[in-house]
Structure formats: structure tokens, C-alpha cells
Amino acid sequence: MVDSGCIFCSIVRGEVPCYKVYEDGDVIAFLDIEPISEGHTLVVPKRHCSDIYDIPDDLLCKVMTAARKIAMEYRSSLGAKAVNLLNASGMEAGQSVFHFHVHVVPAYDYMKNRISFRHDASAKSNIEKTQKRINGEVL
Ligand code: AMP
Ligand code: ZN
């Protein structure tokens, strides 16, 4: 249930300080120490799950419910106009802390912290084949 080398488990156990903004029986949320906007928050299950592939559905629902509650609350407390919810699952996706978490990133100014993606031309040219692979129609 806990991972002794995990920084977020240490926060859950109260061994490492955090700027806590929310807590219930299953979920804790605290401010990211490297915020990309004011109120950038990490919503974390108290039980150690490494990523989206690992977390059970019912716990994921609890994390997302808390994330939405927090996002809605930041409209009044912080004056947020909008929000990005983000999760990286796996090293290749940029995950750096391997305890599942959802980033709640409040947005205040039009497109200031827009997440931008570079389009992949080969993914686009293969799109029909990709759909077939996903649907099991080609290898
Ligand atoms: P990710 O790269 O998606 O795994 O996100 C991990 C996030 O955790 C980063 O944005 C870090 O700034 C943040 N972080 C790491 N350690 C702490 C900590 N002790 N307290 C708060 N945020 C942390
Ligand atoms: Zn952990």
C-alpha cells in the first residue's frame, strides 16, 4: 500500500511537509513546489499507485472528483478563469514522480499556459492503419 522510497507517500504520512489544500479519506492535494501557474495543485491518492495503468477505477474516480472540486473552488478563491487537468503516466510521457497524480493547473489569462503539442506527420499519414491496428484488423 505504501512505497517507502516514494516522496508522495512520505507526504501522505506527514513525514515531508507540503502546502496542503484538500484532504479526504482517500485523497490528498497540495501545491506543486514548481508551479506553472498560481495554485498549481497535485491531487494524489493516499494509497500508493504508480500510474494510470495501476490505479483502480474507484480510486481514480475519487481523485478526479477531488480534482474537479478543487478546480471549481479555485474560480472563487483564486479567480481562475479556466483549468488544465494533466497526468503523465510513464517515463516516456514525462512522469517524474511515480505515484499517480493529477495536475490541476488554473488558468488566468487567455492561452498563457496553453499546453502545446508538436504534431507528428507520420502519425497523421498512418492514421487509417493506426485505427485498424487498434481495432485488431491489421498487425
Ligand atoms: P510529473 O512530472 O507529472 O510526475 O509531476 C511531478 C510533479 O511533482 C512536478 O511538477 C514537481 O514539481 C512536483 N513535486 C515533486 N516533489 C514535490 C514535493 N515534495 N512537493 C510538491 N510537489 C512536488
Ligand atoms: Zn507513493
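Derivation of every value follows stated rules applied to the coordinates shown; laboratory data play no part. Not measured: the values here are computed from a predicted model. Neighbour counts are summed over all protein chains in view; Cβ atoms, including those assigned to glycine, are modelled from backbone coordinates with ideal geometry.
Of all residues in segment 68-105, those being part of a helix (DSSP H, G or I) and under 13 Å from residue 32 (Cβ atoms) number 1. Inspection of segment 79-97 identifies at least one residue that is surrounded by 10 or more Cβ atoms within 10 Å (Cβ to Cβ), away from ligand 2 (no atom under 16 Å from the Cβ) and in contact (Cβ under 8 Å) with a residue 40 or more places away in the chain.
None of 66, 121, 88, 82 is out of contact with any helix residue (DSSP H, G or I) (no Cβ under 7 Å at 6 or more places or on another chain), within 12 Å of ligand 1 (Cβ to nearest atom) and farther than 17 Å from residue 9 by Cα except 88.
Pairing each residue of segment 111-139 that is in contact (Cβ under 8 Å) with a residue 24 or more places away in the chain with any residue that is assigned to a loop (DSSP other than H, G, I, E, B) and among the polar types (S, T, N, Q), provided the two are 6+ apart or on different chains, yields C-beta distances under 7 Å for 113/37.
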